[in-house]
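Each reported figure results from applying straightforward, stated rules to the coordinates on display, with no laboratory input. Quantities reported herein were computed from a predicted structural model and do not represent experimental measurements. Don't worry about glycine lacking a Cβ; one is built from the backbone with ideal geometry, like all the others, and counts go over all protein chains shown.
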Amino acid sequence: MKIQTPYYFIDEEKLLVNLDKINYIKKHSNAKFVLALKCFSTWSVFDLMSKYMDGTTSSSLYEAKLGHEKFGKEVHSYSVAYPREEILELKKFADKIIFNSISQLNIFYKDVKGLNLGLRVNPNISHSHFDLADPARKYSRLGVINKKDIMDNINKIKGLMFHFNCENDNVDNLEKSFNYIGKKYGNILKRLDWISFGGGIYFTKQGYNVTKFCKILKDFSQKYAVQIYLEPGESSITNSAELVTTVLDITHNKKDIAIIDASMEAHMLDLLIYNTPAKIETNKKNKYEYIVAGRSCLAGDVFGTYKFKKPLKVGDNIVISDAAGYTMVKKNWFNGLPMPSIVVKRLNGKIELIRSFEYKDFVNNLS
Ligand SMILES: Cc1ncc(COP(=O)(O)O)c(C=O)c1O
């Protein structure tokens, strides 16, 4: 089947590699896993994911609703700040409502009293390569800092959520953080049912010490008698999708430049935000070097510089890997560029064109 580029290509078999790892960790640690929809919410593969994961976690009413309708199982709801309308809607179906501050908890307590409530905590420690994504950054608004505030409200809540990692692939560092949290909040945890350690733990990275990770999780939950939740986004979908593109033009300005029919700004925005080159599988020993660039008007719409085996020509395909996390959820209509279609390769090998977009979608995006 020839599919018009650009398109996101999700391979369920590759997704399964991550899901199998999640299944293993669940079995050996008793932790529960909820998918962070902020990272990935392409619901056409939720039937597969929901067989392995315990539910979803969200950042807004719309995400929570999507989790409820398309994924099922547990719906965790968190928001940096809720308006009342969202709370009234969420309380109809959310299994847990997590507040970001004591003030929000108290504003809405009369609306949600008796439900399974939680508070996000800022433990003042973090592991992040970027200040922009550091939940413990200076003046962070993410979570309650003062322990006494939590204690004063302990009877209203059943759990705490900590999210303090970003792509943390170091299990020893994680162990230290868990020990720190256990020591600092242990007396509070003993009065609660659950703790979420958020996302940002890169347990699907090759070589990650999963056995040690399981032990750390199990020991912690036993010591404090709490159910542990993890909220993986990136780790659930690592390496499961590609953005397939076509070279539209080759130009030259001191270097050869291949312009493809996609855009970093419109279709892989996170890479632009974090100034990270796209992953394109090439070999440094190859001879033909090109800057691969997007077709938007942004001067810096550049995916990176890569070496190819043969000279590139118009019509060649360029495949960008690891294109699932924080990409499809952030795609936008900048420059009115065609939106990449969504294609899924099912476990049985069948390739399905799930969704393609047209001019009407661009028009309907605004009015
Ligand atoms: C509260 C919370 N949970 C989970 C995640 C998912 O993180 P990741 O995709 O790095 O696993 C995030 C990411 O920002 C988050 O803020």
Could you compute the FRET efficiency for I154 and K73, with r as their C-beta to C-beta distance and R0 at 41 Å, rounded to 0.05? 0.90
Note: probe point = Cα of M1 + 7 Å toward Cβ; backbone nitrogen < 15 Å; residues of the stretch 8-49 passing the test are 8-13, 44-45
So if each residue of separation counts as 0.36 nm, and I subtract the Cα-Cα distance between K284 and N317, what length gain in nm does that give? 10.0 nm
What do you get for the angle between helix 210-224 and the principal long axis of the chain? Use alpha-carbon atoms, 0 to 90 degrees, nearest ten. 20 degrees
Would you be so kind as to identify which of L298, S77, N165 lies farthest towards the positive end of the dipole of the chain, taking Lys and Arg as +1 and Asp and Glu as -1 on Cβ and the Cα centre as origin? N165
For a quick check: sort T42, T56, T276 by the number of other beta carbons within 10 angstrom, fewest at the front. T276, T42, T56
Relative contact order (%) - criterion: Cα under 8 Å, at least six apart; region: the stretch 239-365: 29 percent
Quick one: what are the phi-derived ³J(HN,Hα) couplings along the stretch 110-117, Karplus 6.51/-1.76/1.60 with θ = phi - 60°, whole Hz, x for glycine and proline? 5, 7, 10, 3, x, 7, 7, 9
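Which FRET efficiency, nearest 0.05, do F357 and K92 yield, Cβ-Cβ r, R0 35 Å? Show your work: numbers first, answer last.
Values: r = 32 Å, r/R0 = 0.90.
Calculated value: 0.65.
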Once every DSSP H run of n ≥ 4 in the chain is given -39500 (n - 2.57) and the sum is divided by its residues, what mean residue ellipticity at 222 nm do you get, rounded to the nearest 500 deg cm²/dmol? -8500 deg cm²/dmol
Counting Lys and Arg as +1 and Asp and Glu as -1 over every other residue whose Cβ sits under 9 Å from the Cβ of T57, the net charge comes to -1
Using a Gaussian network model of the chain with C-alpha springs under 10 Å, which one of I157, I351, I107 is most mobile by mean-square fluctuation? I107
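May I ask which of K138/K158; K255/K279; K287/K345; K21/K70; K70/K223; K254/K330 have a Cα-Cα span longer than 30 Å here? Before the final figure, lay out the partial values.
Values: K138/K158 28 Å; K255/K279 20 Å; K287/K345 33 Å; K21/K70 23 Å; K70/K223 35 Å; K254/K330 33 Å.
From K138/K158; K255/K279; K287/K345; K21/K70; K70/K223; K254/K330, over 30 Å: K287/K345; K70/K223; K254/K330.
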What length, rounded to one decimal in nm, is gained on full extension from S44 through to I107, with 0.36 nm per residue of separation minus their alpha-carbon distance? 19.0 nm
In degrees rounded to 10, the 0-90 angle between helix 171-189 Cα long axis and the longest Cα principal axis of the chain is 30 degrees
Work from the charge dipole of the chain (Cβ charges, +1 for Lys and Arg, -1 for Asp and Glu, about the Cα centre) and give the residue of P340, G315, S126 farthest towards its positive end. S126
Compute the helix-to-body angle for 12-29: its Cα long axis versus the longest principal axis of the chain, expressed 0 to 90° and rounded to tens. 20 degrees
At R0 = 30 Å, how high is the FRET efficiency between K330 and A81 if r is their beta carbon distance? Nearest 0.05 is fine. 0.90
Fully extended contour minus Cα-Cα distance, from N30 to K310, at 0.36 nm per residue: 95.8 nm
